[in-house]
Amino acid sequence: QVQLVESGGGLVQTGGSLRLSCAASGRTFSNNAMGWFRQAPGKEREFVATISWSGSTTRYADPVKGRFTISRDNAKNTVYLQMNSLKPEDTAVYFCAARSTEMVATASGLYGYWGQGTQVTVSS
């Protein structure tokens with residue numbers, strides 16, 4: 001079992017930056033691929049970014065490429081999402097998720113563990 005707790009969300013103006021953190025506890029963290037997803041009001045949950053257990057492989061959704069960076073520190077059992085050049089359309093609840101394998105994935109159904117989410121609001 002893996003427990004995930006997100007932090008770092010908040011209110012920011014267009015063009016601003018935020019860094020989300022996801023602290024993991026429970027079973028071994030370093031063997032899990034991790035991902036970030038988001039869900040805006042009235043919309044389905046969508047993929048944002050994923051990272052392999054080693055950190056050597058990452059994938060990003062097209063809307064965030066070049067603006068968001070996913071990283072991890074296995075010694076601290078933490079995964080991060082650095083978000084720059086934020087836009088109002090980035091407003092959503094952001095969720096951290098963990099897989100039971102080391103391979104990255106973009107489909108939410110392939111993640112077995114989820115955090116409670118953290119709200120990100122970008123004002124125009």
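Observations, loosely collected:
- Filter result for Ser21 (open to solvent by less than 50 Å² (accessible area, probe 1.4 Å), among the polar types (S, T, N, Q) and outside any loop (DSSP other than H, G, I, E, B)): yes
- Among the residues of segment 38-54, the ones that are open to solvent by 30 Å² or more (accessible area, probe 1.4 Å) and over 17 Å from Tyr113 (Cα atoms) come to 5 in all.
- Enumeration of residues in segment 67-82 that are within 15 Å of Ser52 (Cβ to Cβ) and more than 13 Å from the chain's Cα centre (by Cα): Asp73, Asn74
- Qualifying residue in segment 18-39 (condition: aliphatic (A, V, I, L, M) and farther than 21 Å from Val5 by Cβ): no
- Single residue of Ser25, Ser123 found to be out of contact with any Phe, Trp or Tyr (no Cβ under 6 Å at 6 or more places or on another chain), on the phi < 0 side of the Ramachandran plot, polar (S, T, N, Q) and at pLDDT below 95: Ser25
- Within segment 83-124, the set of residues being within 23 Å of Ser56 (Cβ to Cβ), surrounded by fewer than 14 Cβ atoms within 10 Å (Cβ to Cβ) and under 15 Å from the mean Cα position of the chain (by Cα) comprises Ala107, Gly112.
- Among residues that are in contact (Cβ under 8 Å) with a residue 40 or more places away in the chain and outside any loop (DSSP other than H, G, I, E, B), Gly15 is not included.
The values are calculated or read from the model by the stated rules, or taken from the named source; none is laboratory data. These figures come from a predicted structure and were not determined experimentally. Here the Cβ is made from the backbone with ideal geometry for all residues, glycine too, and neighbour counts use every protein chain on show. These accessible areas exclude ligands, DNA and RNA; they are computed on the full protein's heavy atoms, side chains included. Shrake-Rupley method; radii C 1.70, N 1.55, O 1.52, S 1.80 Å.
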